[in-house]
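What follows is a set of notes on a single structure, which appears directly below.
The values are calculated or read from the model by the stated rules, or taken from the named source; none is laboratory data. Just so we're clear, the structure is a prediction, and the values are computed from it rather than from any experiment. Cβ: placed from backbone, ideal geometry, glycine included. Neighbour counts: every protein chain shown. What goes into the accessible areas is simple: the full protein's heavy atoms, side chains included, and nothing from ligands, DNA or RNA. Shrake-Rupley method; radii C 1.70, N 1.55, O 1.52, S 1.80 Å.
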Amino acid sequence: MKIKVSELFYSIQGEGRYMGVPSVFLRTFGCNFTCGGFGMSRGEDSDERNKVAEKIELYKTYKDLPLVSTGCDSYASWDHRFKHLSPYYQVEDLAQSIQNILPHKEWRDEHLVITGGEPLLGWQRAFPSLLDQPGMERLREITFETNGTQKLHKAFKDYLILWTNSYGRRGWGDITFSVSAKLPGSGEEWKSAIKPKTVCEYQDVGYVYLKFVLATDQDLEDALRATDEYRQACFKGPVYLMPVGGVESVYSLNNRRVAEYAMTYGLRYSDRLQVPLFKNEWGT
Ligand code: SF4
């Protein structure tokens, strides 16, 4: 079984529940959205990634790719013009590569982040096989970073429930769904992006939180409206507000204001530690 991998790296988790925890990041290829609206006026779509694609021959690896200040900051993990930069791995080789980048070549207190793109698209079928590879049994905690639009397949859901209860894991809470639901400021439509029933179902197998990316007062209003919709559909986890900003100049304009929003509304603030720590370079 194979998985198309955009990035595999070891870093500090910069956002949400596991902020500060050393983590292996597995970024799968493919997404159902394009999120061209980040950092743009409402209704406008970022053209930055198209400009990068025009000079595609200059970029041989992810690390060569320029960062963008508008639109999705992980554009190369779903835009098909960059797909040649994301090789397929057999799950056996991928499990070995994951463990090889751990400093002790085995799991200690690190956690695995499966991100994208949108990792819950087709890869749900391959993850059990990856997690069952030798050495992976010592892994205790996983976060799926998702946009919250993909239902869990029954077989995958059953597998995750078994996973949390095996090898002396603690049970509920070892699997986390970090749901970065896309508000209209992302450029995506409400009815395609806000799927409360889908997210509520994640609660059957793990700890779930919402994380909204904010730039404007309108984004805040949208986040509060979306929170109401999720709550009405039985969502019971915490809600984080996070400043927009894949580059430091944008992030530092927003972070304090978003922290103040969080305090005002009794919600949680999520930083993006990868921006001040590592300038959000690819591989961080
Ligand atoms: S859902 Fe995430 S990965 Fe997909 S386009 Fe939007 S920001 Fe990018």
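Descriptive notes on the structure:
- The mean accessible area for residues of the chain, using a 1.4 Å probe and ignoring ligands and nucleic acids, is 45 Å² per residue.
- DSSP bridge orientation in the stretch 1-145 - percent antiparallel, rounded to nearest 5: 55 percent
- Separation of the stretch 26-49 from the stretch 68-120 is 19 Å, based on Cα centroids.
- Qualifying GluC sites (Glu not before Pro) for the stretch 175-214 [loop in DSSP, other Cβ within 10 Å: at most 16]: 189
- Percent antiparallel among DSSP beta bridges (both partners in the chain, rounded to 5): 30 percent
- Short to long, the 5 Å bins of the Cα pair-distance histogram for the stretch 102-234 hold 2, 10, 19, 22, 17, 12, 9, 6, 3, 0 percent of all pairs.
- Two-decimal Rg/Rh across the stretch 129-180, once Rg and the Kirkwood Rh are taken from alpha-carbon atoms: 0.96
- Loop-located GluC sites (Glu not before Pro) in the stretch 29-63, at most 13 other Cβ atoms within 10 Å (DSSP): 44
- Straight-line cross-link partners of residue 195 among the lysines, defined as a Cα under 21 Å from its Cα and at least 8 positions apart when in the same chain: 151, 154, 157, 182, 211, 236.
- Computed over the alpha carbons of the stretch 1-86, Rg followed by Dmax gives 14.1, 42 Å.
- Here the average projected area of the convex hull drawn through the C-alpha atoms of the chain stands at 13.9 nm².
- Inter-label distance, nm, simple model (7 Å from Cα along the C-beta direction), residue 109/residue 167: 1.9 nm
- Listed residue (262, 199, 276) projecting farthest to the positive dipole end of the stretch 131-284, Cβ model: 199
- Longest site-free stretch - the chain; sites: trypsin sites (Lys or Arg not before Pro), DSSP loop, at most 15 other Cβ within 10 Å: 171-235
- All Cα pairs of the stretch 138-215, percent lying beyond 21 Å: 31 percent
- For the stretch 75-126, GluC sites (Glu not before Pro) meeting the loop criterion (DSSP other than H, G, I, E, B) and having at most 13 other Cβ atoms within 10 Å: 106.
- Magnitude of the charge dipole for the stretch 119-256, about its Cα centre and with charges confined to Cβ atoms of Lys, Arg (+1) and Asp, Glu (-1), is about 420 debye.
- 5 Å-binned pair-distance histogram of the stretch 79-137 (Cα, whole percent): 4, 15, 24, 26, 18, 9, 3, 0
- Protein accessible area in the stretch 19-62, 1.4 Å probe - carbon and sulfur %: 52 percent
- Taking the C-alpha atoms of the stretch 38-180, convex hull volume expressed per residue in Å³: 139 Å³
- Over the stretch 179-242, the fraction of Cα-Cα pairs per 5 Å bin, rounded to whole percents and listed from the shortest bin up, is 4, 19, 32, 26, 14, 5, 1.
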